[in-house]
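Participant: Structure below; questions to follow.
Each reported figure results from applying straightforward, stated rules to the coordinates on display, with no laboratory input. These numbers come from a predicted model, not from an experiment. Positions of Cβ are backbone-derived with ideal geometry, glycine not excepted, and every protein chain shown enters the neighbour counts.
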Amino acid sequence: MKQQYFEIGQIVNTFGIKGVVKVNPFTDDISQFEKMDTILVEKKGNLQEMQIEEVKYSKNQVLLKLKGIETIEEAEKYRNCYLKLPREKAKKIPEGTYFIADLIGLEVVTDEGELLGKVDDIYNSGANDIYVIKDELGKQILLPAIKEVIKEINLEQEKITVHLLNGLI
């Protein structure tokens with residue numbers, strides 16, 4: 001099932017006294033914050049659309065001035081809230097690439113029909129992404145996201161077919 005919203009960051013602190021919030025971004029392209037007029041803030045389970053007035057950067061973090069948050073005290077109330085973006089507003093990705101959120105939870109089977117488990121996490125090792133597959137007993141298998149291993153990703157069937165190279169497991 002495709003996710004309707006993507007988490008693109010988390011408010012982790014305040015910045016200054018005028019209501020600016022400091023955000024840890026979950027996206028590899030933090031400049032996309034500049035292209036947005038509004039953002040969804042998840043606070044206590046509710047999504048609230050807020051207008052972005054200003055975007056700045058500090059180290060690897062994003063500093064956002066959101067309309068309606070004018071003081072450090074108001075900004076403090078949003079600490080730990082997640083920022084979300086509707087799927088239709090997410091930037092388009094090239095064919096053959098996938099949003100991590102769409103791959104988490106997919107079943108992973110070998111090209112010989114053996115069920116390995118489900119995608120539990122994906123991280124980047126520098127050279128390529130690594131898919132963390134977890135079986136029902138909690139055992140993990142790490143698979144490199146290379147074309148020799150990842151044979152097919154089928155979002156409709158919620159399944160990834162892989163070929164296990166010698167020495168992978």
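Participant: Given Cα positions, please report Rg to Rh for the chain, the hydrodynamic radius being the Kirkwood one.
Facilitator: 1.07
Participant: Roughly speaking, what is the stretch gain from Ile104 to Glu70, that is 0.36 nm per residue apart minus the C-alpha to C-alpha distance, in nm to one decimal?
Facilitator: Gain in length upon complete extension: 8.5 nm.
Participant: Quick query: amide H of Gly9 versus all other amide H atoms, modeled in the peptide plane; which residues come in under 5 Å with a sequence gap of 5 or more or a different chain?
Facilitator: Those lying under 5 Å, H to H, from Gly9 are Phe26, Leu83.
Participant: Now for a different question. Quick check on the chain: helices-only [θ] at 222 nm, where DSSP H runs of length 4 and up contribute -39,500 (n - 2.57) each and the sum goes over total residues. Nearest 500, please.
Facilitator: -1000 deg cm²/dmol
Participant: Could you tell me the extents of segment 5-89's C-alpha atoms along the three principal axes, largest first, rounded to whole Å?
Facilitator: So the three principal-axis extents are 33, 29, 19 Å.
Participant: List the pairs from Lys35/Lys118; Lys84/Lys147; Lys43/Lys65; Lys22/Lys44; Lys56/Lys91 whose alpha-carbon separation is above 23 Å, in the order I gave them.
Facilitator: Lys35/Lys118; Lys84/Lys147
Participant: Sticking with this structure for a sec: Please tell me the relative contact order of segment 5-89 in percent, rounded to the nearest whole number, where contacts are Cα pairs under 8 Å and at least six residues apart.
Facilitator: Relative CO of segment 5-89 lands at 43 percent.
Participant: Taking loop as defined by DSSP and a crowding limit of 12 other beta carbons within 10 Å, which GluC sites (Glu not before Pro) in segment 113-169 fit?
Facilitator: For GluC sites (Glu not before Pro) across segment 113-169 that sit outside H, G, I, E and B with at most 12 neighbouring Cβ atoms in 10 Å, the list reads Glu114, Glu136, Glu148, Glu156.
Participant: Using only alpha carbon pairs under 8 Å that are at least six residues apart, calculate the relative contact order of segment 100-162 and give it in whole percent.
Facilitator: About 30 percent, as a whole number.
Participant: Between Lys18 and Lys92, what FRET efficiency comes out of the Förster formula 1/(1 + (r/R0)^6) with R0 = 45 Å and r the beta carbon distance, rounded to 0.05?
Facilitator: 0.85
Participant: Across segment 27-38, in residue order, what do the Karplus-derived ³J(HN,Hα) couplings come to in whole Hz, using 6.51 cos²θ - 1.76 cosθ + 1.60 with θ = phi - 60° and x for Gly and Pro?
Facilitator: 10, 7, 10, 6, 5, 5, 4, 5, 8, 9, 8, 9
Participant: Calculated FRET efficiency, Leu142 and Lys77, Cβ-Cβ r, R0 41 Å, to nearest 0.05?
Facilitator: 0.55
Participant: Which ³J(HN,Hα) values, rounded to whole Hz and listed in residue order, are derived for segment 42-55 from phi using the Karplus coefficients 6.51, -1.76 and 1.60 in 6.51 cos²θ - 1.76 cosθ + 1.60 with θ = phi - 60°, glycine and proline given as x?
Facilitator: For segment 42-55, the Karplus curve yields 8, 10, 6, x, 9, 8, 10, 7, 10, 7, 8, 8, 7, 10 Hz.
Participant: I would also like to ask the following. With contacts defined as alpha carbon pairs under 8 Å and 6 or more residues apart, what's the relative contact order of the chain in percent?
Facilitator: Once divided by the residue count of the chain, the mean separation gives 20 percent.
Participant: Nearest 0.05, what FRET efficiency do Asn128 and Leu164 give at R0 = 22 Å with Cβ-Cβ as r?
Facilitator: 0.85
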